[in-house]
Structure formats: structure tokens, C-alpha cells
1. What helices does the chain hold that run 24 Å or longer along their axis, going by alpha-carbon atoms, with a Kyte-Doolittle average of 0.5 or more, using DSSP H for the helix calls?
2. Return Thr66, Thr18 ranked ascending by Cβ neighbour count within 10 Å, so the fewest neighbours appear first.
3. Counting pairwise Cα distances across the chain, what percent come out greater than 20 angstrom?
4. Send over the Kirkwood Rh of the stretch 2-48, from the inverse of the averaged 1/r over different Cα pairs, rounded to one decimal Å.
5. Counting only trypsin sites (Lys or Arg not before Pro) that are in a DSSP loop and have at most 11 other C-beta atoms within 10 Å, tell me the longest site-free stretch of the chain.
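Values in this text are rule-based calculations from the coordinates and carry no lab data. Note that the structure is predicted; figures quoted are calculated from it, not measured. Methodologically, a virtual Cβ is constructed for each residue, glycine included, from the backbone with ideal geometry; neighbour enumeration extends over all protein chains shown.
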Amino acid sequence: MSTLASSFRSAYRSLRATPLVSALAILSLALGIGANTALFSIFNGLLLTPLPVRDPGRLAYLTGGTWTYPIWEAVRDQSAEVFDGAFAWSRITTIRVPVRRSRRSVRA
């Protein structure tokens, strides 16, 4: 027990003797731990945690073609024959809307 206490006293004296080096070492450790925690949180959320659905292996991702709203309504209405359910999302950021007899692009 006395060797452990003397080791801590020696480490404390070394830290007090070179405060700039000690501060840089502590800052480096803090940044490294913080970056590691942030990356693990992203990795865990994207790859390790299962999707919040009953059976994620049965999910289907349909792409290609033009998916207009009437086509989507037909797929959604007839999805009971093929799918358990259906949903859609879009990355559209601009839409064209009529404004005083002309069409303008508006950011959505």
C-alpha cells in the first residue's frame, strides 16, 4: 500500500513540476475520449442497434422509376395484398408552386 501511495505522490510532484506538459496531456486525453465516445455513439446508433420494427429482415426498399403521388396512393391502397404496410418519404427540397399566374421554385 505504501508503494501505491508513494507512486501517487511522485506522479503528483511530476505533474506540478511541468504544468504546461500536464495540461496538454490532460487535454489530449479529454479530446481523445470525447472523440471516441462520439464515434461509438454514431456507430452504435447506425449499425449495432436494431431497427424499431417487428421484423427488420422483411423490410423492402423500392427505388427507381417515377413515384408520383397517385402511384404512391395506388401502392399504399393495394399494399395489403403484398406488404404488411407501406410508407414513403422524399428528399425534395424545392417545389414549384403557382404564384400570380406563374410558377416559382420554393425551398421546402
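1. Within the chain the helices that satisfy the rule are 19-43.
2. On the way: Thr66 5, Thr18 11.
Result, fewest neighbours first: Thr66, Thr18.
3. On the way: 4210 of 5778 pairs.
Summing the P(r) tail past 20 Å for the chain gives 73 percent.
4. 13.0
5. 1-53
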